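The values are calculated or read from the model by the stated rules, or taken from the named source; none is laboratory data. Predicted, not measured: the structure shown is a model, and the values here were computed from it. Positions of Cβ are backbone-derived with ideal geometry, glycine not excepted, and every protein chain shown enters the neighbour counts.
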Amino acid sequence: MAHLKSTLRMRSFCIIFLIFITQLTFSQSISSYWLNKEKSYKDAGISEIKEITIFYTENDSTLNIEYQIYDSLMNLISLKRYNDETKLIWQSLRSYNESNRIKKIENLKWINTKGYQSGHTLFHYHISNNYTQRDYNQLGQIIYISNFYFDGDTNLIRLETFTGDSSLIGFETAEYNYDNNLMRISQYNRYSKLINTLESPIRSGPQFVQSPTNKYNQYGDLVYTERNWSKKDKVFFTIEYIYDDLGNWVSQKRYKNIKNRNGIIKSKNIDMIKTRDIKY
């Protein structure tokens with residue numbers, strides 16, 4: 001039961017990575033790699049998750065419905081996402097090899113001006129932990145090639161992205177400081193010129209060194225985090241949860257709060273509501 005709780009916790013750097021997602025036009029990034037890795041629920045005994053998310057702005061709201069299906073090894077094999085008109089806008093089907101590593105991803109995406117666009121991704125694993133990912137469009141043409149390089153501790157330390165004709169787009173490198181729980185990502189263009197640097201925690205939760213302002217509840221889920229876009233940023237988020245009998249959250253409400261110059265909250269507005277129906 002304790003493991004079930006830990007595998008479905010909202011990790012604090014999910015919010016951080018959504019804020020700092022790469023400014024490059026890469027099909028992949030080290031940030032997105034870690035985000036997707038942390039979102040996989042291993043050995044949690046879950047077969048399906050239906051997740052409904054509503055995002056709010058000042059004058060509008062957007063609803064998404066997502067269905068996730070897992071095999072007996074907790075590999076995600078199907079993901080379907082619908083908009084508020086129950087129209088399929090994204091589908092991802094995944095298959096795995098005999099070593100339980102992802103082998104192929106088949107994607108289908110709705111684009112308003114073009115209709116449904118399909119594509120697929122193939123993975124080639126090397127003798128080492130390194131691997132190559134090739135992304136194809138619906139005509140079967142390679143559009144991106146990504147090379148992933150890992151250190152001896154299986155940390156992703158370099159990611160190179162190329163066009164389909166093997167022209168370098170850019171690359172990223174990552175350094176890991178586990179003593180301080182800090183990951184530093186450097187982004188370079190095709191001329192090897194440094195264009196951006198990101199820093200974020202490697203691991204999340206109250207037991208790890210994080211932003212000193214982050215707060216967690218008894219389940220280890222993030223309940224308070226500050227946006228920190230600048231030194232004068234007065235925005236922070238608070239999150240409320242409801243849990244099922246196994247300690248996994250089934251309802252999550254995120255509020256956007258704004259402080260005045262004296263540190264007093266002058267506004268509090270709902271930012272997101274997410275609910276989950278979990279089948280074990």
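General observations
- Any hit, the stretch 243-251, residues being of a type in the set (Gly, Ala, Ser), part of a loop (DSSP other than H, G, I, E, B) and within 28 Å of residue 57 (Cα to Cα): no
- The criterion of at least 3 residues that are under 30 Å from residue 257 (Cβ atoms), of a type outside the set (Ser, Thr, Tyr) and in contact (Cβ under 8 Å) with a residue 40 or more places away in the chain is met by the following strands (runs of 3 or more DSSP E) wholly inside the stretch 39-142: 48-56.
- Residue 154 passes every criterion in (1) on the phi > 0 side of the Ramachandran plot; (2) modelled with pLDDT of 95 or more apart from (2).
- Restricting the stretch 70-79 to residues that are surrounded by fewer than 17 Cβ atoms within 10 Å (Cβ to Cβ) and at pLDDT 95 or above leaves a set whose member that is nearest to residue 117 (Cα to Cα) is 78.
- Selected residue (criterion: farthest from residue 95 (Cα to Cα)) from residues of the stretch 124-138 that are hydroxyl-bearing (Ser, Thr, Tyr) and out of contact with any Phe, Trp or Tyr (no Cβ under 7 Å at 6 or more places or on another chain): 128
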